[in-house]
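The values are calculated or read from the model by the stated rules, or taken from the named source; none is laboratory data. Worth saying up front: this structure is predicted, and the values here are computed from it rather than measured. Virtual Cβ from ideal backbone geometry, glycine too; neighbours counted across all protein chains shown.
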Amino acid sequence: MTSRHAAPRRRRAPRHARDLRSHGVLRGVALAVTTVLVFGAAGGVAVAARLNSNVDTVSLDGLVAAAPTPTEPPDPTDARAGEPVNVLILGSDQRDGENEAIGGAVAGMRSDTTILMHVSADRTRVELVSIPRDSLVDIPTCTMSDGTTTKARKGMFNDAFAVGYDNGGDIASAAACTWSTVVQNTGVPLTHFVVVDFAGFQSMINAVGGVEMCIENDIKDKYTGLDITAGLHRLDGVTALQYARARHGTGLDGSDIMRAGRQQQLIANLANEVLSKNVLTDAPQLLQFLSAATQSLTTDVTMGDLTGLAFSLRSIDRANIVLTTVPWAPARTDPNRVEWTAAADELWANIASDVPMLGAPTPEPTPTTAPPQAGAPADPAAPAAPADAGTGEAPVAAPEPTPTKTPGREAFTAADVTSSC
């Protein structure tokens, strides 16, 4: 569905907020891939400490409900070992300074794509849920960094970030209002937040030599400058960012929903790129990637804790990295907005309870007949398999094709097929 609302102009961020400019996809890509797949392999806290100077740390103490406290003494290798971790990945489409060349000059800070990342307590699952910016939600009373409060209201999800920034004038207020909005509407207790600068995202893509993507249709978008033909391409940092941001033009439907799907696909492909190369074991390449990634982070978590969390996920199966968009439908009051369906309630409840967000997998059907015993005579009534003319042996049955998933519309994993070239 198409969103045609025009973002209101916000006042320009203060100078000290230059490194806080970000774009929705980067919150997803940088945290999901960097935290889950990369930081943990950096050789421990020593390397993380070297990267702390790249990170802008912001505290939300006193602005939001406190994160759940671990019930056991902290594990030095994973500060929240045995506890689920829920990270709010957010930011704004802010385009001034060095980011003007990427997105064009636009004053102020506007919230864009937001992703909630859930890491299971047993560290076997990572689940990422995109929250459409046009979702109609309840925005609660928010506390600003100067102690003032705002009035509760009904509005689009991305209004929460704008309310915080317009009234508090800083990233802490903006992040805190979004945090409170997520908690009120989902019931999921949050642990941390992160904001990522989209200029740094380009460096992160380039640090792994680009990301291979299957582009199913020609795409040309004058707003981002993307002009790419259908087929298999290796995207460099600039092109990957254009692909993630594109929404209008040839080959696109103009919707934020499908753009979120492309962002999810980019996250999955970048994760696969990191896992398939020697990024995790080649120290120079790893350090280059980490340097690029951490230059774009603003968060309330230390690099040591981030490293420990990621290290605990070093053996995660790609099939257990699950990405989806919160279940939605066109809003009854405005077809250009969305509202969450009853299925969203179940998804959020599963995350809050630390069970698979899509529910338990369907068990394999139990065979109705026992397999023949070794040496038992074949059933004479069963049809014989045709023999291969060259070998005289029965041919091996071809595997069933894997259904292609549609990012943005369907949940998928980093191991799934999401496009066909």
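Regarding residue 145, is this residue within 19 Å of the chain's Cα centre (by Cα) and among the polar types (S, T, N, Q)? So residue 145 does not fit the description; no. If the condition is being surrounded by fewer than 17 Cβ atoms within 10 Å (Cβ to Cβ) and modelled with pLDDT of 60 or more, then the range 102-136 contributes 121, 122, 124. For the range 331-351, filtered to residues that are in contact with a strand residue (DSSP E or B) (Cβ under 8 Å, 6 or more places away or on another chain) and hydrophobic (A, V, I, L, M, F, W, C), the residue that is surrounded by the fewest Cβ atoms within 10 Å (Cβ to Cβ) is 331.
Taking the condition in contact with a Gly (Cβ under 8 Å, 6 or more places away or on another chain) and on the phi > 0 side of the Ramachandran plot, does residue 210 pass?
Working: in contact with a Gly (Cβ under 8 Å, 6 or more places away or on another chain): yes; on the phi > 0 side of the Ramachandran plot: yes.
Yes; evaluated as a whole, the condition is true for this residue.
Residue count for the range 207-234 satisfying the condition of being in contact with a Ser or Thr (Cβ under 7 Å, 6 or more places away or on another chain), buried (at least 16 other Cβ atoms within 10 Å of the Cβ) and outside any strand (DSSP E or B): 0.
Annotation: residue 189 fulfils all but one of (1) within 19 Å of residue 241 (Cα to Cα); (2) assigned to a loop (DSSP other than H, G, I, E, B); (3) not polar (S, T, N, Q); the unmet one is (1). Given the structure, is residue 99 crowded, with 20+ Cβ neighbours inside 10 Å and at pLDDT below 95? Yes.
Table: residues versus (1) closer than 28 Å to residue 328 by Cβ; (2) in contact with a Cys (Cβ under 8 Å, 6 or more places away or on another chain); (3) buried (at least 21 other Cβ atoms within 10 Å of the Cβ); (4) touching a residue at least 12 places away in the same chain (Cβ under 8 Å).
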residue	(1), (2), (3), (4)
169	no, no, no, yes
173	yes, yes, yes, yes
205	no, no, yes, yes
240	yes, no, yes, yes
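Give the range 175-203 a look and list any residue that's without any contact (Cβ under 8 Å) to a residue 60 or more places away in the chain and hydrophobic (A, V, I, L, M, F, W, C), or say none. Residue satisfying the conditions is 177 alone.
Scanning the range 257-265 for any residue that is in a helix (DSSP H, G or I), buried (at least 24 other Cβ atoms within 10 Å of the Cβ) and at pLDDT below 75 turns up nothing.
For the criterion of being out of contact with any Ser or Thr (no Cβ under 6 Å at 6 or more places or on another chain) and at pLDDT 85 or above, residue 245 fails.
Give 319, 310, 292, 283 a once-over and let me know the one that is at pLDDT 90 or above and either farther than 24 Å from residue 84 by Cβ or of a type outside the set (D, E, K, R) (or both). First the steps, then the outcome.
Working: 310 fails: at pLDDT 90 or above; 292 fails: at pLDDT 90 or above; 283 fails: at pLDDT 90 or above.
After applying the criteria, what remains is 319.
Taken as a whole, the condition of being modelled with pLDDT under 95 and surrounded by fewer than 22 Cβ atoms within 10 Å (Cβ to Cβ) does not apply to residue 187.
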